[in-house]
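Structure first, commentary second.
The values are calculated or read from the model by the stated rules, or taken from the named source; none is laboratory data. Computed from a prediction, not measured in an experiment: that's the story for all the values here. Reconstructed Cβ throughout: ideal geometry from the backbone, glycine too, with neighbour counts over all protein chains shown. These accessible areas exclude ligands, DNA and RNA; they are computed on the full protein's heavy atoms, side chains included. Shrake-Rupley method; radii C 1.70, N 1.55, O 1.52, S 1.80 Å.
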Amino acid sequence: MKGGRTLLPVKQNICGLILAAGLSSRMNEFKPLMPLRKKTLIENAIDSVLSGGAGSATVVIGYRGAELETLLRRRYGELVQIVWNLEYDRTDMMHSIQIGCGALPECEAFFLLPGDMPVVRRSTFEKLLQARREKQSLVIFPTLKDWRKHPPLIDSGLIPEIQTFQGPGGLRGLWQWHEESIQTVPVDDEGVWIDLDTPKDYQLCRLQYEHK
């Protein structure tokens, strides 16, 4: 146990990749450091990945990165690895994903989670891991109402292709080349739907999840 978290036994060599480099321009505040459940949004996201079975998390930072790095190193120590996207103000999410993939420790697969998705349930991660045990699909998505959502569980064998992909659509464009290797797992978890882009999103999330 670290910092009050009970971690699942890591039965697979799984990592987490969390994206937190953006400008938070639609929120009008710096999203990663906004409060939820007596900690920050970024801590909620990291804790969900770690409690869900990842042995470590790699966090891509950029805007106000020094503040984030100080917080995360103090809070998590070696459980969290920090990597910088120095071009955060002129690149898209795919660039952060590519940087993060290059910094991941050796692993079999990794969860990919935007840092503004703080309330994904532990059970969702568990279901993805169970699906991987049963069938070694390259990508496993949780689905809600038949929509693919985050966090996908991505086989590390795809990392070189992710890093070099230049096509349109980011990862969605890449997934079109691997449809036959994509598996979906239905989940009963509204958290896979909740990403906090605007002040209204944030207020609704706090009303629903602040005391859960």
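When both residues are 6+ apart or on different chains and their Cβ atoms are under 9 Å apart, which pairs have a first residue that lies in region 157-174 and is free of Cβ contacts under 8 Å to residues at least 24 places away in the same chain, and a second that is open to solvent by 30 Å² or more (accessible area, probe 1.4 Å) and among the hydrophobic types (A, V, I, L, M, F, W, C)?
Taking only residues 6 or more apart or on different chains, the pairs are GLY157/LEU138; LEU158/LEU138; GLU161/TRP177; GLY167/TRP177; GLY173/PHE165; LEU174/PHE165.
Give me the residue from region 129-163 that is more than 17 Å from the chain's Cα centre (by Cα) and of a type in the set (D, E, K, R) and, out of that set, nearest to GLU190 (Cα to Cα).
Checking each candidate, the answer is LYS145.
Which of the residues that make up region 80-98 are over 21 Å from ASN13 (Cβ atoms) and either buried (at least 19 other Cβ atoms within 10 Å of the Cβ) or not charged (D, E, K, R) (or both)?
Once the filter is applied, which keeps residues that are over 21 Å from ASN13 (Cβ atoms) and either buried (at least 19 other Cβ atoms within 10 Å of the Cβ) or not charged (D, E, K, R) (or both), region 80-98 yields TRP84, ASN85, LEU86, TYR88, THR91, MET93, MET94, HIS95, SER96, GLN98.
Hey, among GLY55, GLY65, GLY77, which residue is open to solvent by less than 20 Å² (accessible area, probe 1.4 Å) and not β-branched (Val, Ile, Thr)?
GLY65
Run PHE141 past the list (1) outside any strand (DSSP E or B); (2) touching a residue at least 12 places away in the same chain (Cβ under 8 Å) and report the number of the one that doesn't hold.
Single failed check for PHE141: (1).
For region 99-116, give me each residue that is open to solvent by less than 30 Å² (accessible area, probe 1.4 Å) and within 19 Å of VAL139 (Cα to Cα).
GLY100, CYS101, LEU104, CYS107, ALA109, PHE110, PHE111, LEU112, LEU113, PRO114
So which pairs qualify, if the first residue must be in region 112-125 and assigned to a helix (DSSP H, G or I), the second must be among the aromatic types (Phe, Trp, Tyr) and open to solvent by less than 10 Å² (accessible area, probe 1.4 Å), the Cβ gap must be under 9 Å, and the two must be at least 6 apart or on different chains?
PHE125/PHE111
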